[in-house]
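Have a look at the structure below before the remarks.
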Amino acid sequence: MDSVPELLSFAAQVFEKHGGIAERDDNHVMALLPPGLAHSLDLPEEVRLGEEAMPLLYGSPVLDRLIQVATEEIPLVFGRIEVPYLKKAGFDQLIGQDIVFTNGQVRVTGRAEARTSYMVLTCRYVALSDERKEGLVEVGTHESTGAIIEDFETLWPEFRPEFYTPGKVPPHFSIHLEKAIPNAMRKARVLAEEKLTDFIKSMRRRLRRDVKNTREYYDALRKEMEASLSHHNLSEAQRDERIAKIEDLPREMAQKIEDLQQKYKIQVRLRPCAALRFLIDVVHIMVEIRFRKHTRTIHLIWNPLSRRLDPLVCERCYETTRSVHAHEEDSRFRLLCASCAQK
């Protein structure tokens, strides 16, 4: 059976992207594969793919493994957004409006233009139960701080970004994403749960309905079997057998309900599937905070896409917050969200 030419081209691209050497014609692909790639694909390091001995067809195990390798790494796109305007003054009014410091004295001490990086992470969720529900959510985050930026995922297309070609990405992007990725994934879970609200309610409603019907069925069955015990034509052995079945009904009903609970159990998988990373010119606002006997200087970011100050991140739980509480610890103070401050 002849292999599909488009699949042969796809295989060659996967081989080359992951360090292999591939040469193809209309009927097959000849390739030399690195040991790791050969192991992942369960292929020899020198392979001739596409001929009768190893055809490449839709639904074939080899194609499934190629797709798995091709989709393991999420696609990254890098770009730059040129903004027409950077705010020059009036930042004092934004403190108390965009970000609220609930205790301590706050004073703006300086302003500087800078370049920073943001990410839009796209995640795919799949909910499995008696039915299947899937979709996408997007989260915007500041790459260095990990702060979740509201509506960033809908704002960036309005500014017509310039995208970098592979190999020409400047070195200005943050290399430390240990705050941004976990925070974005945590927010993505919340967004996915919101989108699945109706699905979850539907599955729970159906579970309650089926459990109710099951209980009613077994209750009616018990009454019918108990009534049948009064029949005069029943032998003693038949009567004992029927009594044993009646006594076993609660166990049988419990097993049926357990089966229903497994049937309607909801499993949700969430994984990143794409990321956009942007360099953007912003304004850094230097702010001095006085709390009791302590003084600390931080910088805030004025975001030209949202035209407001970016939120901060709680220094204990790392949740994004616009309500900041100074909390004294070990002769210094940390900036916390309301929840952590109360604890």
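One table, with the values for the structure above:
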| item | result |
| --- | --- |
| PRO170 in a helix (DSSP H, G or I), under 22 Å from PRO304 (Cβ atoms) and more than 20 Å from the chain's Cα centre (by Cα) | no |
| Matching strands (runs of 3 or more DSSP E) fully within region 253-343 where at least 2 residues are among the acidic types (Asp, Glu) and in contact (Cβ under 8 Å) with a residue 40 or more places away in the chain | 267-291 |
| Positions within region 56-82 being surrounded by 18 or more Cβ atoms within 10 Å (Cβ to Cβ) and modelled with pLDDT under 85, in sequence order | LEU56 |
| GLU150, sole failed condition from (1) farther than 23 Å from ASP98 by Cβ; (2) of a type in the set (D, E, K, R); (3) outside any helix (DSSP H, G or I) | (1) |
| Residues of region 107-123 satisfying the condition of being among the polar types (S, T, N, Q) and either within 14 Å of PHE173 (Cα to Cα) or not assigned by TED's automatic domain parsing to the domain that holds GLU138 (or both) | THR116, SER117 |
| MET119 being in contact with a helix residue (DSSP H, G or I) (Cβ under 9 Å, 6 or more places away or on another chain) and touching a residue at least 60 places away in the same chain (Cβ under 8 Å) | yes |
| Where ASP248 falls short, out of the listed (1) in contact (Cβ under 8 Å) with a residue 24 or more places away in the chain; (2) assigned to a helix (DSSP H, G or I) | (1) |
| Looking only at region 21-49, and only at residues there that are surrounded by 20 or more Cβ atoms within 10 Å (Cβ to Cβ) and touching a Pro at 6+ places or on another chain (Cβ under 9 Å), the one that is nearest to LEU7 (Cα to Cα) | LEU49 |
| Region 275-293 - residue that is surrounded by fewer than 20 Cβ atoms within 10 Å (Cβ to Cβ) and among the basic types (Lys, Arg) and, of those, farthest from SER331 (Cα to Cα) | ARG290 |
| Selected residue [more than 30 Å from ASP130 (Cβ to Cβ) and not assigned by TED's automatic domain parsing to the domain that holds LYS133] from ARG215, ARG239, ARG160 | ARG239 |
| Residue within region 150-170 that is closer than 30 Å to LEU260 by Cα, exposed (fewer than 14 other Cβ atoms within 10 Å of the Cβ) and of a type outside the set (Gly, Ala, Ser) present | no |
| Within region 1-111, strands (runs of 3 or more DSSP E) holding 3 or more residues that are touching a residue at least 24 places away in the same chain (Cβ under 8 Å) | 76-81 |
| Condition check for LEU191: in a helix (DSSP H, G or I), in contact (Cβ under 8 Å) with a residue 24 or more places away in the chain and under 30 Å from ARG322 (Cα atoms) | yes |
| Subset of region 269-298 (residues that are within 22 Å of PRO170 (Cβ to Cβ) and more than 27 Å from the chain's Cα centre (by Cα)) | ASP281, VAL282, VAL283, HIS284 |
| Region 294-309, residues that are more than 17 Å from PHE101 (Cα to Cα) and basic (Lys, Arg) | ARG307 |
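The values are calculated or read from the model by the stated rules, or taken from the named source; none is laboratory data. Nothing here was measured: the structure is a model prediction, and the numbers come from that model. So basically every Cβ, Gly included, is an ideal-geometry build from the backbone, and we count neighbours across all protein chains shown.
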